[in-house]
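J.: Before I ask anything, here is the structure I am working with.
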Amino acid sequence: MGRAFQTLVFASFNAGKVREVAALLAGLPVRLVGPREVGVGSLPEETGQTFLDNAILKAAHVFRETRLPALADDSGLEVRALGGAPGVHSARYGGREHDDAANIARLLRDLHGVTDRRGRFVCHAVLVGPAAVLGDATVRIDGVTRVAAHPLVPPGAAAVLAIGEVAGRVVDTPAGDNGFGYDPVFFRDDLGRTFAQLTRDEKNALSHRGQAFRRLKAFLEETVLGRA
Ligand code: IMP
């Protein structure tokens with residue numbers, strides 16, 4: 001059963017993210033590769049309305065092209081007082097894609113005078129693979145679910161979703177140089193620091209992406225690789 005999962009493709013061209021996910025999945029008896037290593041030169045645009053759709057778009061594309069099991073994730077910041085915004089628009093909230101300073105500036109403008117500044121980072125990580133392997137695997141890990149019939153999952157494939165979430169609040173004054181995105185304004189009261197003031201290991205232990213990929217790892221270990 002595990003043979004189908006000797007190679008796992010992580011559907012991202014973001015080298016930093018690939019390294020982060022490789023570290024989170026370390027110890028699995030699989031070879032984790034990027035899209036280029038298996039001849040996939042581009043990924044679809046993230047046009048979905050949900051984190052799940054965007055993650056499936058990317059993983060399903062790689063599976064369709066290579067027939068190899070593929071992982072992908074989509075994540076963002078959801079702020080209560082803004083009805084869940086920036087949400088799926090997190091990367092381009094301030095205008096241009098991945099302009100972190102503009103994204104933070106827009107967020108702080110939107111929250112001007114707002115006292116409830118609670119928010120959370122959310123990550124949806126999916127695994128798309130052959131239905132013959134994933135189709136009847138039992139899911140027993142907390143936070144991991146099978147994706148029921150979904151229009152973006154290709155014929156012959158099945159998908160599993162792992163969700164990670166971490167709560168905090170948005171502060172007005174950016175602090176810290178680590179991390180990326182909204183980290184400098186995402187504050188944890190229990191730590192007295194923003195995410196940008198945490199080391200990479202401290203952030204991974206807590207973060208939405210860390211949780212989601214640790215959950216997928218547990219699912220792979222228990223179910224597909226049969227090592228539990
Ligand atoms: P992606 O889908 O993981 O690439 O994330 C989309 C956007 O959400 C990023 O460009 C960031 O603006 C924001 N985001 C996601 N994860 C984080 C995080 O861990 N820290 C800060 N911002 C994040």
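The values are calculated or read from the model by the stated rules, or taken from the named source; none is laboratory data. Bear in mind that the values here come from a model prediction, so they are computed numbers and not experimental data. Neighbour counts run over all protein chains shown; Cβ positions are idealised from the backbone, glycine included. Keep in mind that these areas ignore ligands, DNA and RNA; they rest on the heavy atoms of the full protein, side chains included. Shrake-Rupley method; radii C 1.70, N 1.55, O 1.52, S 1.80 Å.
J.: Considering each of G16, G94 in turn, give the residue that is within 16 Å of the ligand (Cβ to nearest atom), over 20 Å from the mean Cα position of the chain (by Cα) and open to solvent by 30 Å² or more (accessible area, probe 1.4 Å). Explain how you work it out, then say what you get.
T.: Details: G16 fails: over 20 Å from the mean Cα position of the chain (by Cα).
Matching residue, one of G16, G94: G94.
J.: Please go through the stretch 170-196 and pick out each residue that is buried (at least 22 other Cβ atoms within 10 Å of the Cβ), more than 18 Å from L82 (Cβ to Cβ) and among the hydrophobic types (A, V, I, L, M, F, W, C).
T.: Correct list: F195 only.
J.: Of all the residues that make up the stretch 197-228, how many are assigned to a helix (DSSP H, G or I), aliphatic (A, V, I, L, M) and closer than 25 Å to P86 by Cα? Explain how you work it out, then say what you get.
T.: Taking the stretch 197-228 first, the residues assigned to a helix (DSSP H, G or I) are 197, 200-206, 208-224.
Restricting the remaining residues to those that are aliphatic (A, V, I, L, M) gives 205-206, 212, 216, 218, 220, 224.
Checking which are closer than 25 Å to P86 by Cα leaves us with 205-206, 212.
Final tally of qualifying residues: 3.
J.: Within the group A159, A218, which residue is surrounded by 15 or more Cβ atoms within 10 Å (Cβ to Cβ) and either in contact with a Leu (Cβ under 9 Å, 6 or more places away or on another chain) or without any contact (Cβ under 8 Å) to a residue 60 or more places away in the chain (or both)? Talk me through it step by step, then tell me what you get.
T.: Working: A218 fails: either in contact with a Leu (Cβ under 9 Å, 6 or more places away or on another chain) or without any contact (Cβ under 8 Å) to a residue 60 or more places away in the chain (or both).
A159 is the lone residue from the list that is surrounded by 15 or more Cβ atoms within 10 Å (Cβ to Cβ) and either in contact with a Leu (Cβ under 9 Å, 6 or more places away or on another chain) or without any contact (Cβ under 8 Å) to a residue 60 or more places away in the chain (or both).
J.: Would you say L43 is under 17 Å from L8 (Cα atoms), among the hydrophobic types (A, V, I, L, M, F, W, C), open to solvent by 10 Å² or more (accessible area, probe 1.4 Å) and within 12 Å of the ligand (Cβ to nearest atom)? Give the steps one after another, and end with the answer.
T.: Values: under 17 Å from L8 (Cα atoms): yes; among the hydrophobic types (A, V, I, L, M, F, W, C): yes; open to solvent by 10 Å² or more (accessible area, probe 1.4 Å): yes; within 12 Å of the ligand (Cβ to nearest atom): yes.
For L43, the condition - under 17 Å from L8 (Cα atoms), among the hydrophobic types (A, V, I, L, M, F, W, C), open to solvent by 10 Å² or more (accessible area, probe 1.4 Å) and within 12 Å of the ligand (Cβ to nearest atom) - is met.
J.: Oh, and also: Within the set of pairs 6+ apart or on separate chains, which have a first residue in the stretch 190-204 that is without any contact (Cβ under 8 Å) to a residue 24 or more places away in the chain and over 14 Å from E20 (Cβ atoms), a second that is open to solvent by less than 20 Å² (accessible area, probe 1.4 Å) and among the aliphatic types (A, V, I, L, M), and C-beta atoms under 8 Å apart?
T.: Going by the 8 Å Cβ cut-off, the qualifying pairs are L191/L198; T194/V185.
J.: In the stretch 95-113, which residues are in contact with a strand residue (DSSP E or B) (Cβ under 9 Å, 6 or more places away or on another chain) and outside any helix (DSSP H, G or I)?
T.: Selection gives L111 alone.
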